[in-house]
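Okay, so here's the structure we're looking at.
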Amino acid sequence: MSSDQQIDLIHRFLFDDSDLRGELVTLEQSFQQAASPQNLPKVFLPLYGEFMAAAALVADMLKFEGTITLQARSNGPLPLIMAEANSKGHVRGFAQVDEQQSLVQSDSNELLPLAALLGGGVLSITIDPDKGKRYQGIVPLDGADLAECLQHYFSQSEQLPTYFKLFANENKAGGIFLQCLPAQLVKDEEQREENWQTARHLASTTKAEEALDLDHPTLLYRLYHELQCRVFPPKQLSFRCHCSKERSANAIKTLGEVELQALIDEQGKVDMSCQFCGSNYHFDKTQLEGFKKELGKRH
Ligand SMILES: [Zn+2]
């Protein structure tokens, strides 16, 4: 089994005889590349991985052109953690660590309970289509894990029974998504419910090592060979940051003439570092004065 063909992929699947759809994702290189600039203590890597896998699943399940962001804020050791995925299969993330909290020193590489990592937190789900209006939903992070919170949110917002299961260790992340579709093939309510419960139950039996190490067609066969599961060609996922010198310049220009002048007087330069990928963008005094002139001309 050549591993580089199995990782960093998302597969969609459908069941031919029932109104159910699903997705299976595994991230390895993209997760590691997204985690590396963050220099996270080991204990936070599995959660970071779950966020990446969840973002990839949600971006794909919504079938739209654009970007989705999952962002959690809490009083826990991670005051902020976010993962972003877009319809092109690009993922990136960011996490802020509160160095004062004792968990930072932990040697554990297991996923800790959500309450320990993001205690009292809220999760925001932002859907930002390339064309159209940005939409944001917010859920309390009071589930046992991230998957449960997402499940709750999407079951309500999409009004369709939805299931998520996420897996991660310090190197890999993965996840399964299942959703009951509106009645088309099966009209009988009891039969629909039975199909849903069966598919869901089988997904819930997946072990972390299966989800993270098996290629998707093998895992889907193992889970669903009796259910006429049809697997579509996968989409490749990769770590990609969308920052650029131009975007940083635009951010500086939003300060306005007065503040920009103050910045020139006080510091004479600006260094901006991208929180997602760690790239540094330097602007010297001449460049900053150029921005100021440009702003002046806009009046
Ligand atoms: Zn960047």
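The values are calculated or read from the model by the stated rules, or taken from the named source; none is laboratory data. If you're wondering where the values come from, they're calculated on a predicted model, not measured in any experiment. Don't worry about glycine lacking a Cβ; one is built from the backbone with ideal geometry, like all the others, and counts go over all protein chains shown. The area values use the complete protein model at the heavy-atom level, side chains included, leaving out ligands, DNA and RNA. Shrake-Rupley method; radii C 1.70, N 1.55, O 1.52, S 1.80 Å.
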## Note on the structure
Nearest 10, in degrees from 0 to 90: the angle of helix 45-61 to the longest Cα principal axis of the chain is 70
### Query
In nm², what is the average projected area of the convex hull enclosing the Cα atoms of the stretch 3-117?
8.6
## Note on the structure
Relative contact order of the stretch 125-219 (C-alpha contacts under 8 Å, at least 6 apart) in percent is 18
### Message
So if the hydrodynamic radius of the stretch 245-297 is defined as the Kirkwood radius over C-alpha pairs, what does Stokes-Einstein give as its diffusion coefficient at 4 °C and 1.567 mPa s, in µm² per second?
### Response
116
### Query
In whole percent, what relative contact order does the chain give with Cα contacts below 8 Å and a gap of six or more residues?
24
#### Entry: Surface per residue (accessible, 1.4 Å probe) for the stretch 167-218, Å²
51
### Task
Apply the Karplus parameterisation 6.51 cos²θ - 1.76 cosθ + 1.60, with θ equal to phi minus 60°, to every residue of the stretch 17-24 and state each ³J(HN,Hα) to the nearest whole Hz, in sequence, with x for glycine and proline.
9, 8, 8, 9, 10, x, 8, 9
### Query
Suppose every K and R has +1 on its Cβ and every D and E has -1 on its Cβ; what is the size of the dipole of the stretch 1-153 about the Cα centre, in Debye to the nearest 20?
540
## Note on the structure
Within the stretch 194-273, DSSP-loop trypsin sites (Lys or Arg not before Pro) with at most 13 other C-beta atoms within 10 Å are Lys207, Lys269
### Query
Of all accessible surface on the stretch 3-239 at a 1.4 Å probe, what whole percent is carbon and sulfur?
45
### Query
Cross-link list Lys88/Lys165; Lys133/Lys235; Lys245/Lys292; Lys245/Lys297; Lys131/Lys253; Lys88/Lys253: which exceed 27 angstrom alpha carbon to alpha carbon?
Lys88/Lys253
### Query
What ³J(HN,Hα) values, in whole Hz, does the Karplus curve 6.51 cos²θ - 1.76 cosθ + 1.60 give for the stretch 202-208 when θ = phi - 60°, with x put for Gly and Pro?
5, 4, 5, 7, 4, 8, 4
### Message
Can you tell me which aspartates and glutamates have their Cα less than 14 Å from the Cα of Lys269? Leave out same-chain residues fewer than eight positions away.
### Response
Glu259, Asp284, Glu289
### Task
Quick one: which residues, 5 or more positions from Leu27 or on another chain, have an amide H under 5 Å from its amide H? H modelled 1.01 Å from N in the peptide plane, none for Pro or chain starts.
Asp8, Ala173, Gly174
### Task
Quick one: which residues, 5 or more positions from Leu237 or on another chain, have an amide H under 5 Å from its amide H? H modelled 1.01 Å from N in the peptide plane, none for Pro or chain starts.
Leu9, Ile10
### Summary
Per DSSP, the loop-located GluC sites (Glu not before Pro) within the stretch 226-299 having at most 11 other beta carbons within 10 Å are Glu226
### Task
Work out from phi, with θ = phi - 60° and the Karplus expression 6.51 cos²θ - 1.76 cosθ + 1.60, the ³J(HN,Hα) of each residue of the stretch 88-97, listed in order in whole Hz, and give x for Gly and Pro.
8, x, 8, 10, 7, x, 7, 9, 10, 10
### Dipole of the stretch 195-250, positive direction: furthest Cα of Leu214, Ser238, Ser248, with charges on the beta-carbon
Ser248
## Note on the structure
Residues whose modelled amide H sits under 5 Å from the amide H of Leu20, counting only those 5 or more places away in sequence or on another chain, are Phe15, Leu181
### Query
Over the chain, what number does the Rg to Rh ratio reach, with both radii from the alpha-carbon atoms and Rh per Kirkwood?
1.04
### Query
How much area per residue is accessible in the stretch 245-297 when the probe is 1.4 Å and only protein heavy atoms are counted (Å²)?
63
### Query
Using alpha carbon centroids, what distance separates the stretch 154-222 and the stretch 240-299, in Å?
46
#### Entry: Heavy-atom accessible surface of the stretch 245-297: percent carbon and sulfur, 1.4 Å
48
### Message
Can you tell me the orientation of helix 285-297 relative to the chain, as the angle in degrees between its alpha-carbon axis and the longest Cα principal axis, to the nearest 10?
### Response
90
### Task
Note the direction-averaged projected area, equal to a quarter of the hull surface, for the Cα convex hull of the stretch 205-257, in nm².
7.0
### Summary
Rg from C-alpha atoms of the stretch 168-299, normalised by the globular rule of thumb 2.2 N^0.38 Å, equals 1.90
### DSSP-assigned coil residues among GluC sites (Glu not before Pro) in the stretch 10-109, each with at most 14 further Cβ atoms within 10 Å
Glu65, Glu99
## Note on the structure
So Glu65 and Arg134, fully extended at 0.36 nm per residue minus their Cα-Cα distance, gain in nm 23.6 nm
